[in-house]
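The values are calculated or read from the model by the stated rules, or taken from the named source; none is laboratory data. Since the structure is predicted, the reported quantities are computational estimates derived from the model, not experimental observations. Cβ placement follows ideal geometry from the backbone for every residue including glycine, while neighbour counts extend to all protein chains displayed.
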Amino acid sequence: MGIQIAPSILSADFANLERDILAVADADWLHVDVMDGHFVPNLTLGLPVVQRIAEVSPLPIDAHLMIEDPDRWAPRYAEAGAASVTFHLEAAADPRAIAADLRSLGARASCAIKPGTPVEDVLPLLDTLDMVLVMTVEPGFGGQEFMEGMMPKLRALRAASDAAGRDLWIQTDGGIARATIATVVEAGCDIVVAGSAIYGAADRAAEIASLRDLAQAVDHR
């Protein structure tokens, strides 16, 4: 599997959302940030909008739930059409049960950790997960500065996954651009989320291609 690119529509024009979704059709996933204004200090969109996005998107939906009570809500996003659903470890009461519910609905089960959460907290759950998202900014807003200090988490996840013989995807989200993508790939990342880097470019397809080329140039797996 090559490095996968997931444009984040957090940086898209919400008044022209379908247009901006179609503009990134050359990517691998469409990253949809769901924020409730409680778990993070921002409010974006919810279940009905995600369901409609899934109906029109040419890409599979990668839903990132920055919300309280994912035990209740995460399965609803799988039912709405998300192919991958990420819940935050910090908000989950029973992460194993959430992952099992997501998988039973045919979605990939993913768990995210904030910058301040030790990677050791998620390692015992790897047998239940398809992906782990390491936040390389504080969740809540786009356009933040990349935290290179999160790279040991990626390396630890890659080492643990390889040692267990698991096909675990590792994702990074936050500050990913041409200047940082090689850093996360070298540390073990499989799938990168990029928002402002892609949607801020005049040619979104060309930016996706550039990011993919830079990632593949350092991907020696």
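Kindly evaluate Arg212 against the criterion of being part of a loop (DSSP other than H, G, I, E, B) and of a type outside the set (Phe, Trp, Tyr). Answer is no for this residue.
Only one of the numbered conditions (1) in a helix (DSSP H, G or I); (2) β-branched (Val, Ile, Thr); (3) free of Cβ contacts under 8 Å to residues at least 40 places away in the same chain is not met by Val185, and that is (3). The number of residues in region 23-39 being within 17 Å of Ser84 (Cβ to Cβ) and either surrounded by fewer than 18 Cβ atoms within 10 Å (Cβ to Cβ) or in contact with a helix residue (DSSP H, G or I) (Cβ under 8 Å, 6 or more places away or on another chain) (or both) comes to 7.
When Ala164 is tested against the conditions (1) closer than 18 Å to Ile5 by Cβ; (2) surrounded by fewer than 18 Cβ atoms within 10 Å (Cβ to Cβ); (3) not hydroxyl-bearing (Ser, Thr, Tyr), the lone failure is (1). For region 48-65, a tally of residues being out of contact with any strand residue (DSSP E or B) (no Cβ under 8 Å at 6 or more places or on another chain) and not basic (Lys, Arg) returns 6. Which one is surrounded by the fewest Cβ atoms within 10 Å (Cβ to Cβ), of the residues in region 167-186 that are among the aliphatic types (A, V, I, L, M) and closer than 19 Å to Thr86 by Cβ? Out of the qualifying residues, it is Leu168. Within region 125-165, if we keep just the residues that are outside any loop (DSSP other than H, G, I, E, B) and touching a residue at least 60 places away in the same chain (Cβ under 8 Å), the residue that is nearest to Asp101 (Cα to Cα) turns out to be Met131. Residues in region 188-203 that are in contact with a strand residue (DSSP E or B) (Cβ under 8 Å, 6 or more places away or on another chain), in a helix (DSSP H, G or I) and buried (at least 21 other Cβ atoms within 10 Å of the Cβ): Ile198 only. Exactly one residue out of Asn16, Asn42 is in contact (Cβ under 8 Å) with a residue 60 or more places away in the chain and surrounded by fewer than 19 Cβ atoms within 10 Å (Cβ to Cβ): that is Asn42.
Checking the conditions here, which among Met150, Met135, Met131 is surrounded by 14 or more Cβ atoms within 10 Å (Cβ to Cβ), aliphatic (A, V, I, L, M), in contact with a Phe, Trp or Tyr (Cβ under 7 Å, 6 or more places away or on another chain) and modelled with pLDDT of 95 or more? Met131 is the lone residue from the list that is surrounded by 14 or more Cβ atoms within 10 Å (Cβ to Cβ), aliphatic (A, V, I, L, M), in contact with a Phe, Trp or Tyr (Cβ under 7 Å, 6 or more places away or on another chain) and modelled with pLDDT of 95 or more.
Results for (1) buried (at least 24 other Cβ atoms within 10 Å of the Cβ); (2) touching a Gly at 6+ places or on another chain (Cβ under 9 Å); (3) more than 22 Å from Ile176 (Cα to Cα), shown as yes or no for each residue.
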site: Ile21; (1), (2), (3): no, no, no
site: Gly46; (1), (2), (3): no, no, yes
site: Val85; (1), (2), (3): yes, no, no
site: Ala91; (1), (2), (3): no, no, yes
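Applying the set (1) charged (D, E, K, R); (2) surrounded by 18 or more Cβ atoms within 10 Å (Cβ to Cβ); (3) within 23 Å of Val218 (Cβ to Cβ) to Arg108 leaves exactly one unmet item: (3).
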